[in-house]
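Undergrad: This is the structure I want to talk about, given as structure tokens.
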Amino acid sequence: MMVRWTISALGMLFLCLSTYEAAAQRFVTREGTATFTSSVPLHEFSGTSTSLNGLISVADSTVDFFIDLSTLRTGIGKRDRDMRETLDVKTYPFAEFTGKLTSSLDISSPKAQEARVEGNFSVHGVTRRVVITGTLTPRGEALELEASWILNLEEYDIEPPRLLIVKVDPEQDISIKAILHTQDP
Amino acid sequence: MTQRIVRALLLVVMLVPVTTANAQLERQLADPGGSVDELFWAPSIVTLPTVTNVYPGNLNFTIHHSFGLVSGGVDELFGLDGAANIRFGFDYGLTDNLSIGVGRERFDKVYDARAKWNVFHQTTDGRIPFEMAVAGDVGVTTLKNGLSFNDRLNYGAALLVARKVNDAVSIQISPLVSHFNVVYRDLDRFGNPVEQQNTHVAVGIGARWKVRARMALSVEYVPVLGSRSDNTSDALSLGVDLNTFGHVFQMFFTSTQWMTMQHSAARNQDRFWDGDFRFGFMVNRVFNLTNDY
């Protein structure tokens, strides 16, 4: 009887430690920005959201990020409103990525490390499999993330807007920056 | 048996945090129940201000143009040869809810300054079912006619109450007061004195119906209540708005040749349904004057 109780107690202790470790290796955003850059001939404009939310779980390599698209700002209110309409934010409020970190990450090293993630990126109700590369830099209890990729609006059934008769380039440069901190267990 | 159940429960309790730690983030809106977007595309329908305001740090430049009466026929190229009125205007967003502006129109060489303040916004969760704003405009006529500065002033003040009924339709009701410090006492062509009123009260009615993603039909009607100047009529405008990513183009047929709400309510002399309307257009372009982006 005593042996069985001891084994149970050890098992529970192990689970406790596993939980603590999992939480300790789970990083969530404290601050994050996502920026897109659009271009038309002789003109370029950017939009930024400072409401990037995300987590990186080192234990199981899970990567999960999203932004509320209505938080994107381009500096011109009318353009923001038009953009929300183009993206049909009312129906599809989020742009989101969920996938796995496929490169190794040494969180004990303070060096910038190339990070590669594979997963599903969704916007405007369309989900596509993507591979994104960036850098992850451990900073003590935090992780610094930078990544960029090109998003083709037409692949997500988004009609590129027009400036008068000139169509905005469907290929948008997307970049994200975030500081992620360990989540309290 | 009891011990087994307790141990099983403990295991479940211990496992739950591990499972939770691996779950996705909960998707949460940054501003749930926030303001409804775009009741109107532009700060004005034709002569009536809309509840749509200029964003802080943005400058809305407007060119407002109207021609002569279409009834002039082909000889007058349907009004394009007629006397045209034109107003250049600039509106600047000071805060999320307050804008100020200046403009100048050709007729009577009127310079005007105006402001618009959004009192509250319609919300997406229905908590506030409509949007309310107040707008004011002060004009000064600069014609060389010997009048003092005070006698040249005119005023318009409106309460703007609007609701976006659905994604396509927005409506606005705008009780307004128009006042001119001095009005002329003319004679009509039969030699009878034309009575003019200094003050007019009207209820502006406006609506927008978005027929396509980038195209909307609009209407503006300004019926005057109570006494009014002789030979004046309620202004009516019917238009089409085109919204591009950078501009809003508004094209319309309108009975009034005037371009501020106080002039539209007090001085319109043409009757739309008698065929006395003219073609006009308005171009809106927004610039960002901040270095934030």
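The values are calculated or read from the model by the stated rules, or taken from the named source; none is laboratory data. Just so it is clear, the model here is predicted, and its values are computed rather than measured. Positions of Cβ are generated from backbone atoms using ideal geometry, with glycine treated the same way; all protein chains shown enter the neighbour counts.
Undergrad: Given the criteria aliphatic (A, V, I, L, M), surrounded by fewer than 19 Cβ atoms within 10 Å (Cβ to Cβ) and over 16 Å from the mean Cα position of the chain (by Cα), does B:Leu187 qualify?
TA: The answer is yes for B:Leu187.
Undergrad: Could you list, in sequence order, the residues of region B:45-100 that are surrounded by fewer than 22 Cβ atoms within 10 Å (Cβ to Cβ), assigned to a strand (DSSP E or B) and among the small types (Gly, Ala, Ser)?
TA: B:Gly68
Undergrad: Now for a separate question. For the list (1) within 26 Å of B:Leu289 (Cα to Cα); (2) at the interface with chain B (Cβ under 8 Å from one of its Cβ atoms); (3) in contact with a strand residue (DSSP E or B) (Cβ under 7 Å, 6 or more places away or on another chain); (4) of a type in the set (D, E, K, R), I need the number of the one condition that A:Arg26 fails.
TA: Of everything listed in (1) within 26 Å of B:Leu289 (Cα to Cα); (2) at the interface with chain B (Cβ under 8 Å from one of its Cβ atoms); (3) in contact with a strand residue (DSSP E or B) (Cβ under 7 Å, 6 or more places away or on another chain); (4) of a type in the set (D, E, K, R), A:Arg26 misses just condition (1).
Undergrad: Still on this structure, please answer the following. Are any residues in region B:101-150 touching a strand residue (DSSP E or B) at 6+ places or on another chain (Cβ under 9 Å), at positive phi and surrounded by fewer than 16 Cβ atoms within 10 Å (Cβ to Cβ), and if so, which ones?
TA: Of everything in region B:101-150, just one residue is touching a strand residue (DSSP E or B) at 6+ places or on another chain (Cβ under 9 Å), at positive phi and surrounded by fewer than 16 Cβ atoms within 10 Å (Cβ to Cβ), namely B:Lys109.
Undergrad: Moving on to the next point. Could you pull out the residue among A:Ile179, A:Ile107 that is within 16 Å of the chain's Cα centre (by Cα) and either farther than 30 Å from B:Asn284 by Cβ or at pLDDT 90 or above (or both)?
TA: Going through A:Ile179, A:Ile107 in turn, the sole match is A:Ile179.
Undergrad: Can B:Val240 be described as assigned to a strand (DSSP E or B), touching a strand residue (DSSP E or B) at 6+ places or on another chain (Cβ under 7 Å) and away from chain A (no Cβ under 14 Å)?
TA: On the way: assigned to a strand (DSSP E or B): yes; touching a strand residue (DSSP E or B) at 6+ places or on another chain (Cβ under 7 Å): yes; away from chain A (no Cβ under 14 Å): yes.
Yes.
Undergrad: Next up: Is it the case that some residue within region A:68-75 is buried (at least 20 other Cβ atoms within 10 Å of the Cβ), under 12 Å from the mean Cα position of the chain (by Cα), modelled with pLDDT of 95 or more and within 14 Å of chain B (Cβ to nearest Cβ)?
TA: yes
Undergrad: Taking the options A:Ile165, A:Ile158, name whichever one is buried (at least 16 other Cβ atoms within 10 Å of the Cβ), within 14 Å of chain B (Cβ to nearest Cβ) and farther than 19 Å from A:Asn53 by Cα.
TA: Only one candidate passes the filter, namely A:Ile158.
Undergrad: What's the number of the condition A:Thr37 fails, among (1) more than 9 Å from every other protein chain (Cβ to nearest Cβ); (2) crowded, with 21+ Cβ neighbours inside 10 Å; (3) within 20 Å of A:Ile150 (Cβ to Cβ); (4) not charged (D, E, K, R)?
TA: Every condition holds for A:Thr37 apart from (2).
Undergrad: Within region B:283-293, track down each residue that is among the polar types (S, T, N, Q) and assigned to a loop (DSSP other than H, G, I, E, B). Lay out the reasoning, then the answer.
TA: So in region B:283-293, the residues among the polar types (S, T, N, Q) come out as B:284, B:288, B:290-291.
Within region B:283-293, B:Thr290, B:Asn291 meet the criteria.
Undergrad: Now, a different point. Could you pull out every one of the strands (runs of 3 or more DSSP E) wholly within region A:81-185 that has 1 or more residues that are farther than 19 Å from A:Val63 by Cβ? First the steps, then the outcome.
TA: Numbers: elements: A:94-101, A:113-123, A:126-139, A:142-152, A:171-182.
By residue number, A:126-139, A:142-152, A:171-182.
Undergrad: Another question about this same structure. Go over the candidates B:Met259, B:Met251 one by one and state the one that is under 15 Å from the mean Cα position of the chain (by Cα) and either in a strand (DSSP E or B) or among the polar types (S, T, N, Q) (or both).
TA: B:Met251
Undergrad: So, one more: Looking at this structure, is A:Ser46 within 14 Å of another protein chain (Cβ to nearest Cβ), within 13 Å of the chain's Cα centre (by Cα), hydroxyl-bearing (Ser, Thr, Tyr) and assigned to a strand (DSSP E or B)?
TA: Criteria not met by A:Ser46.
Undergrad: A further question on this structure: Please name all residue pairs, on different chains or six or more residues apart, with Cβ atoms under 9 Å, provided the first residue is in region A:88-111 and is over 20 Å from A:Leu151 (Cβ atoms) and the second residue is among the small types (Gly, Ala, Ser) and surrounded by fewer than 14 Cβ atoms within 10 Å (Cβ to Cβ).
TA: From region A:88-111, the pairs are A:Pro110/A:Gly140.
Undergrad: Whether any residue in region B:265-282 is within 14 Å of chain A (Cβ to nearest Cβ), under 20 Å from B:Asn58 (Cα atoms) and assigned to a strand (DSSP E or B) is what I want to check.
TA: no
Undergrad: Do you know which residues across region B:211-227 are within 27 Å of B:Ser178 (Cα to Cα) and either under 18 Å from the mean Cα position of the chain (by Cα) or loosely packed, with under 14 Cβ neighbours inside 10 Å (or both)?
TA: The answer is B:Leu217, B:Ser218, B:Val219, B:Glu220, B:Tyr221, B:Val222, B:Pro223, B:Leu225, B:Gly226, B:Ser227.
Undergrad: So if I check each of A:Arg81, A:Arg128, which one is more than 12 Å from chain B (Cβ to nearest Cβ), among the basic types (Lys, Arg) and more than 30 Å from A:Thr182 (Cβ to Cβ)?
TA: So the residue among A:Arg81, A:Arg128 that is more than 12 Å from chain B (Cβ to nearest Cβ), among the basic types (Lys, Arg) and more than 30 Å from A:Thr182 (Cβ to Cβ) is A:Arg128.
Undergrad: Taking region B:196-224 as the search range and keeping residues that are in contact with a Lys or Arg (Cβ under 7 Å, 6 or more places away or on another chain) and outside any strand (DSSP E or B), which one is modelled with the lowest pLDDT?
TA: B:Gln196
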